[in-house]
């Protein structure tokens, strides 16, 4: 019996778990088996098996849990790739905490069968561990030894050689999913901090700067929707294009998620290509780069910065990070405002809140707000309404917010800069799916309007380039 268990363990660790990973995981880039990928899969399986054996002392349970862990990881990665166009990343570990705090953000993307499977695993795993764990000392020691040896072997793998530059699509094929998670995490830990930027000198060019990062905002005409779908009017975006000092597509890397990438680029002005392995979740190390934040930089020329978000500020650790970024005031006007069939604060109400706050300041001020109304899931309603119907209706509210802000600022007698952009395109399964086309609109409007407003041709920018433009326009160089 013991010999059979040892043989089964060997098969799972060396053959079955790596074979499952290679055959199922997406994206599939390499069409032939690579020794490096097999080696990393095997080492990760040894670590997992040793951990379960060390914890339970039961070989059968260690076999089952090692196999189950590989399947769950691969399936979760494939679901994420289907919805967002990216496999699992080392930085997604942070999402586990957010999942427990706000499960509705994530459950909608998991198929019903997957939810049932998660429930079964959550119930059965503790029962199996409790019932079949062994008190024999030797299996526990053997498992701990395997885990330590496997971890040592993984540590000896040179991450700089295996993944010198970040390219997750390439490296999932070369290194496998577990291997890419480990190697990318090690490269992230070894990343250097950014050097400090030059200190801005000058004086404020505006009385108010308002930056609106609009959740999942995109021009429906640019989403490639089916021809039989009537496109909604977008009078706010149309008016903004007519009077913008600068407008065009904002080239973001995320699709359907990863708000923090666009947010970081606009706040910190750093290109993702310069961030290396920090690019996947730059907020994890943002506190160490606070000197680059727009709030801190513009404070040097006299602006007072406020961050506004109608949701839980614990997301992306904003409650701690934003004050470090120079936002001396945090405002959470949520969590509720009239938004039919959506659980989030409405954009029109948020725009009115911003307009009211703008009226109450007496010193040059920067307002940075992140909206929530267009955050998924978009429910399927009665009368045949689809998630797309819900999205289109609510993105019109975002457009109305933009138009209201333009009208409110135009009616005031002060200098103002309005920056409005989408953070990423929506992911609507079966309709708006991941593709290479990921740009979203941005507009930069300077008040009072001049005769040349709206005459410039569209210009493509990255979020970091948008940051540079905002700073350039916001600071008047002293003679």
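In nm², what is the average projected area of the convex hull enclosing the Cα atoms of region 203-476? Kindly include the intermediate steps, with their values, before the conclusion.
On the way: hull surface 56.5 nm².
Orientation-averaged projected area of the Cα hull: 14.1 nm².
Cα-based Rg of region 136-196 per 2.2 N^0.38 Å, rounded to two decimals? Mind showing how you got there, number by number?
On the way: Rg = 15.4 Å, N = 61, 2.2 N^0.38 = 10.5 Å.
Compared with the compact-globule rule of thumb, region 136-196 sits at 1.47.
Provide the packing ranking of 80-86, 229-235, i.e. peptides ordered by the mean count of other C-beta atoms within 10 Å per residue, highest first.
80-86, 229-235
Could you give the nm distance between label points at residue 131 and residue 271, where each point is 7 Å from its Cα heading toward the beta carbon?
5.9 nm
In deg cm²/dmol and to the nearest 500, what is the mean residue ellipticity at 222 nm of the chain if only DSSP H runs of at least 4 residues count, each as -39500 (n - 2.57), divided by the residue total?
The helix contribution divided over the chain gives -15000 deg cm²/dmol.
For region 237-341, what is the Kirkwood hydrodynamic radius in Å, using each pair of distinct C-alpha atoms? Provide the component values of the computation, followed by the final result.
Numbers: mean 1/r = 0.0643 Å⁻¹.
Hydrodynamic radius (Kirkwood, Cα only) of region 237-341 equals 15.6 Å.
Over the Cα atoms of region 160-296, what is the Rg over Rh ratio if Rh follows Kirkwood?
A ratio of 1.05.
Fully extended, how many nm does the chain gain between residue 7 and residue 356 (0.36 nm per residue separation, minus their Cα-Cα distance)?
Extending this stretch completely gives an extra 118.6 nm.
Rg to Rh ratio, the chain, alpha-carbon atoms and Kirkwood radius?
Dividing the radius of gyration by the Kirkwood radius yields 1.03.
Once you have the Cα-Cα distance between residue 95 and residue 457, take 0.36 nm times their residue separation minus that, and quote the gain in nm to one decimal.
126.4 nm
How high is the FRET efficiency from residue 472 to residue 156, r the C-beta distance, R0 45 Å, rounded to 0.05?
Given R0 = 45 Å and the Cβ-Cβ separation, E is 0.40.
Going by average Cβ neighbours within 10 Å, how do the peptides 291-298, 446-453 rank, with the highest at the top?
291-298, 446-453
Starting from the Cα of residue 412, step 7 Å along the direction of its Cβ; do the same at residue 319; then give the gap between the two resulting points in nm.
2.9 nm
How do 210-223, 12-25, 148-161 rank on mean C-beta neighbours within 10 Å, highest first?
Details: 210-223: 21.7, 12-25: 19.3, 148-161: 14.1.
Put in order of decreasing packing, that is 210-223, 12-25, 148-161.
Bear in mind that the values in this text are calculations on the coordinates, not laboratory data. Given the structure is predicted, the values throughout are model-derived calculations rather than measurements. Because the Cβ atoms are built from the backbone with ideal geometry, glycine has one as well, and the counts that use them run over all protein chains shown.
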